[in-house]
1. Over the chain, what is the mean sequence separation of C-alpha contacts under 8 Å (at least six apart), divided by residue count, expressed as relative contact order in percent?
2. Looking only at the chain, where both bridge partners belong to it, what percent of the DSSP beta bridges are antiparallel (to the nearest 5)?
3. From the phi of every residue in the range 26-41, what ³J(HN,Hα) in whole Hz does the Karplus formula 6.51 cos²θ - 1.76 cosθ + 1.60 yield, where θ is phi - 60° and glycine or proline is x?
4. Which of 149/315; 85/294; 78/165; 30/149; 78/307 have a Cα-Cα distance over 32 Å?
5. What do you get when you divide the Cα radius of gyration of the range 222-343 by 2.2 N^0.38 Å, with N the number of residues?
6. Antiparallel DSSP bridges in the range 145-234: what percent, to the nearest 5?
7. 5 Å is the cut-off here: which amide hydrogens, built 1.01 Å from N in the peptide plane, fall below it relative to residue 237, excluding neighbours closer than 5 in sequence?
8. Given Cβ point charges of +1 (Lys, Arg) and -1 (Asp, Glu) and nothing else, what value in debye, to the nearest 20, does the dipole of the chain about its Cα centre take?
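Please treat every number below as a calculation from the coordinates, not as lab data. What you are looking at is a predicted structure, and each value in this text was computed from that prediction instead of being measured. All Cβ positions, even for glycine, are placed from backbone atoms using ideal geometry, and neighbour counts span all protein chains on display.
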Amino acid sequence: MNIRVNARGAARLLAHHPWVYRSDVVGGPKEPGLYPVQAGAGVLALALYNPASEITVRAFSFDKSERPQEVLLDNLRKALRRRKKAITQEPQGAFRLAHAEGDLLPALVLDYYAGHGVLQVGSAALEPLTEDLVEVIRSEVALQSLLAKNNHKSRSLEGLPLEVKPLLGQVPDAVMVQEGSILYRVDLKEGQKTGAFIDQRDNRIRLQAYRGKTALDVFSYHGSFALHLAQGFEQVVAVDSSAVALQRAQENAQANRLSNITFKEANAFEFLREEERRRAHYDLIVLDPPAFAKSRRDLERAYAAYKEVNLRAMKLLPRGGILATASCSHHLSEAMFYQMLAEAASDAHRTVRVVEKRGQGWDHPVLLNVPETHYLKFAILEIV
């Protein structure tokens, strides 16, 4: 049985955007699964389907085939092979092996941490294929263990249970990952996301090239940027609102024998305002906030929040100072991100030069047809 979509749904698929919403689906099976999608007499795509989900159709191929499961598994095989060289060169590193829509694998994420894998399945259509997915992973990547970390809220929207369970081998509670010249601990079972935020890996390593007296890492979490900055700055301040996160950041600093990082538990907005009041200055500031805009209706409030922290940070930098700033909200487009930074610069009365426009790592691929896959914006700016 096929899924049938209306003209608007067909237009999205013809443009090779994989999502069709419930309001544009005019017919289909009663149960979730993998099915062809058609409009009129023609098949437009192969897709994950769940009639109970708001995003009812998630296409993974725009070619005709009578074997959708084989096509999906082959997409996974190709994604893994694209990463094999990186794993071979850096077996103790961290990489994303499967990046959902970016690898034509909707609702599927697989991350690699120093020989251990963490899998997340976010679709009722995909869940029954878990054993087949594991078999492909085993055949392509040598893993010591594989953990299903299916505790993210999106599974509830699919009617799936929240659970964390081993799929292969003995899963350790934590592993040490090598990132450039830095080591950091990843909690596979308890950490956020799959354990760490590896989409910023290349940006963190990039900042090791900078040198100076003082650096500030705001929204530091486990100190990932601060660890790299401590290689080139005499003093680094790491700020986060979570005492638990800062405790892990301190442990990471100790593992790298770094004694030049000061950890401060504070609200980022209040901390930056207080630093401005006391006329503090830093040579380099990193802003890596959480996603302020988790939905489109949050966008106006999120825009103001991003502008606020960037404006405050710009005021703390002297001429020649560097601001490395990010947004991981896909609702805030790249154009809006730089517009926000321009407004912050004007209101801060600073002239700001764009040194580099960066984004998510190569292993988090972006599809031009799917703007949602370009979620991470990262700018390196200089105060002129």
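1. Values: 829 pairs, mean separation 40.5, N = 384.
Relative contact order for the chain comes out at 11 percent.
2. Numbers: 51 of 76 bridges.
Here the share of antiparallel DSSP bridges comes out near 65 percent.
3. Here the 3J(HN,Hα) series is 9, x, x, x, 7, 10, x, x, 9, 9, x, 10, 9, 9, x, 9 Hz.
4. On the way: 149/315 41 Å; 85/294 34 Å; 78/165 26 Å; 30/149 28 Å; 78/307 40 Å.
Those over the limit are 149/315; 85/294; 78/307.
5. Numbers: Rg = 15.0 Å, N = 122, 2.2 N^0.38 = 13.7 Å.
Compactness ratio reported: 1.10.
6. Working: 11 of 12 bridges.
Beta bridges within the range 145-234, antiparallel portion: roughly 90 percent.
7. Under 5 Å from the amide H of residue 237: 215, 216, 217, 262.
8. Numbers: 49 positive and 45 negative charges, 131 e Å.
Computed about the Cα centre, the dipole is about 620 debye.
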